[in-house]
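Asks: Could you have a look at this structure, given as structure tokens, before my questions?
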Amino acid sequence: MKRILLLTTALLTGAFSAQANANDEVLSVDPVSLSGGAFAFENDAKRYPKQSQFSILHSVMMSSESGRRLAVVTIENKASGSRILQADHIMALFADGSRLNPLTFDEGIKLDDGEKRSLTLSFGENEYPILAVYTSLDK
């Protein structure tokens, strides 16, 4: 009987542990939706997005309990011709004032003149939430 009880306890503990880990990966929408220009953090590292003709029209920040940080952005090519969007054209501002480019670009994404596209971008794991995602045109 003790053996069955120990086995049941071990299985339940494992199930609860797996459930807790699964909940750490569930994404929640973060309620901040201000533009990057609304914050006045020092930028001692002089980190800026690469100059481009891309603009972010909409953004929704998401995070998990484990600290994963993502953003869904709708970006528009404002240039008069096609352009290649690259990770260094986009930057996230975190609540501690740090700035990072997205990690999810393997290669550039071609956008035609005036084309809009929604993308899900990963910014890795961070203790602080993302406050804004912006390009050089969105300052």
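Asks: For region 119-135, give me each residue that is farther than 15 Å from S52 by Cβ, touching a residue at least 60 places away in the same chain (Cβ under 8 Å) and either small (G, A, S) or assigned to a loop (DSSP other than H, G, I, E, B) (or both).
Replies: E127, P129, A132
Asks: OK, next. Modelled with pLDDT of 80 or more and part of a strand (DSSP E or B) - does that describe any residue in region 29-40?
Replies: yes
Asks: Okay, next question. How do the pairs read when you match residues in region 20-45 that are more than 12 Å from S63 (Cα to Cα) with residues anywhere that are of a type in the set (F, W, Y) and modelled with pLDDT of 85 or more, using Cβ under 8 Å and keeping only pairs 6 or more apart or on different chains?
Replies: Hits for this filter: S35/Y134; G36/Y134; G37/Y134.
Asks: Residues that are surrounded by 18 or more Cβ atoms within 10 Å (Cβ to Cβ), among the polar types (S, T, N, Q) and either under 12 Å from the mean Cα position of the chain (by Cα) or more than 22 Å from A45 (Cα to Cα) (or both): does region 120-137 have at least one?
Replies: Within region 120-137, none of the residues are surrounded by 18 or more Cβ atoms within 10 Å (Cβ to Cβ), among the polar types (S, T, N, Q) and either under 12 Å from the mean Cα position of the chain (by Cα) or more than 22 Å from A45 (Cα to Cα) (or both).
Asks: Name the residues in region 106-118 that are part of a strand (DSSP E or B) and either surrounded by 15 or more Cβ atoms within 10 Å (Cβ to Cβ) or not polar (S, T, N, Q) (or both), would you?
Replies: Scanning region 106-118 gives I109, K110, L111, K116, R117.
Asks: Condition check: out of contact with any Ser or Thr (no Cβ under 9 Å at 6 or more places or on another chain), of a type outside the set (D, E), within 27 Å of S28 (Cβ to Cβ) and at pLDDT 95 or above. Does N126 satisfy that?
Replies: no
Asks: Hey, can you tell me all the residues within region 80-94 that are under 17 Å from K139 (Cα atoms) and surrounded by fewer than 17 Cβ atoms within 10 Å (Cβ to Cβ)?
Replies: Of everything in region 80-94, just one residue is under 17 Å from K139 (Cα atoms) and surrounded by fewer than 17 Cβ atoms within 10 Å (Cβ to Cβ), namely D88.
Asks: In addition: Taking R69, is it touching a Gly at 6+ places or on another chain (Cβ under 8 Å), of a type outside the set (S, T, N, Q) and crowded, with 20+ Cβ neighbours inside 10 Å?
Replies: Considered against the rule, which asks whether it is touching a Gly at 6+ places or on another chain (Cβ under 8 Å), of a type outside the set (S, T, N, Q) and crowded, with 20+ Cβ neighbours inside 10 Å, R69 comes out as yes.
The values are calculated or read from the model by the stated rules, or taken from the named source; none is laboratory data. Bear in mind that the values here come from a model prediction, so they are computed numbers and not experimental data. Quick reminder, even Gly has a Cβ in these numbers, built from the backbone with ideal geometry, and neighbours come from all protein chains shown.
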